[in-house]
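I have placed the structure first, in the form of structure tokens, so that the comments after it can refer back to it.
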Amino acid sequence: MRLTSRFFIATAAVLSAFAAHANDPKAAITTLEARLARLGEPRIEGTDKAGELTVPAIFFGPRKLNNNFDVVDEIRKSTGAAATIFVKNGDDYIRVSTNVLTPEGKRGVGTQLARAAAYAAMNKGEQFCGQVDVLGTPHDSCYNPIKDKSGKIIGVSFVGFKK
């Protein structure tokens, strides 16, 4: 097989995988959840900074996700989705890893999940999928609660596609 044919086949495979998730938040959240599960069991251990805040540090296996962007950036690259990991901090959920940018062009780390329908579903331990405003931009989205091995809600995963 010539190099050109191999390149075409590889490119088609990548585009096919991307198309399977195109604007489908349920497929994209499944991809994010699978990626996180491969890292290991979620847990809280110590604290870390998220923007100007000090919040619990959320780990999946040995990897701390606070201020670590490779998982959310991989989701953007593979599905086209915005992705965020929130940690539960008191009654709030704070962004600790995200590819969502603020209007100033910075990652939205340290900002909180709005107290709306997704917030209510997370507190009940239920998935939420629907249209939401994410830092001023409407998205078709899905949120899943992140639970530790005892079943306690310790965070939230999010994916969304701009409307």
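The values are calculated or read from the model by the stated rules, or taken from the named source; none is laboratory data. This structure is a prediction, so every number in the text was calculated from the model and none was measured. Glycine gets a Cβ as well: all are built from the backbone with ideal geometry, and neighbour counts include every protein chain shown. SASA here: full protein model, heavy atoms, side chains in, ligands and nucleic acids out. Shrake-Rupley method; radii C 1.70, N 1.55, O 1.52, S 1.80 Å.
All but one of (1) over 14 Å from G155 (Cβ atoms); (2) in a helix (DSSP H, G or I); (3) touching a residue at least 12 places away in the same chain (Cβ under 8 Å); (4) not polar (S, T, N, Q) hold for A34; state the number of the condition that does not hold.
For A34, the exception is condition (3).
Could you list all residues from the range 76-99 that are in contact with a His (Cβ under 9 Å, 6 or more places away or on another chain) and within 25 Å of N123 (Cα to Cα)?
A81, A82
Starting from residues that are charged (D, E, K, R) and in contact with a helix residue (DSSP H, G or I) (Cβ under 9 Å, 6 or more places away or on another chain), keep the ones in the range 27-68 and report whichever is most open to solvent (accessible area, probe 1.4 Å).
Step by step, filter the range 27-68, then rank; the result is R63.
Considering K88, K124, K162, which residue is among the basic types (K, R), touching a Pro at 6+ places or on another chain (Cβ under 9 Å) and closer than 19 Å to T31 by Cα?
Criteria check complete, one pass: K162.
Just a yes or no: is a residue in the range 137-147 in contact with a Pro (Cβ under 6 Å, 6 or more places away or on another chain), under 16 Å from L36 (Cβ atoms) and of a type outside the set (A, V, I, L, M)?
The answer is yes; a qualifying residue exists.
Please state which of the following conditions V109 fails to meet, knowing it meets all the rest: (1) under 16 Å from the mean Cα position of the chain (by Cα); (2) touching a residue at least 60 places away in the same chain (Cβ under 8 Å).
So V109 meets the others, but not (2).
Would you point out which residue out of V87, V71 is at pLDDT 95 or above, β-branched (V, I, T), surrounded by 13 or more Cβ atoms within 10 Å (Cβ to Cβ) and part of a helix (DSSP H, G or I)?
V71
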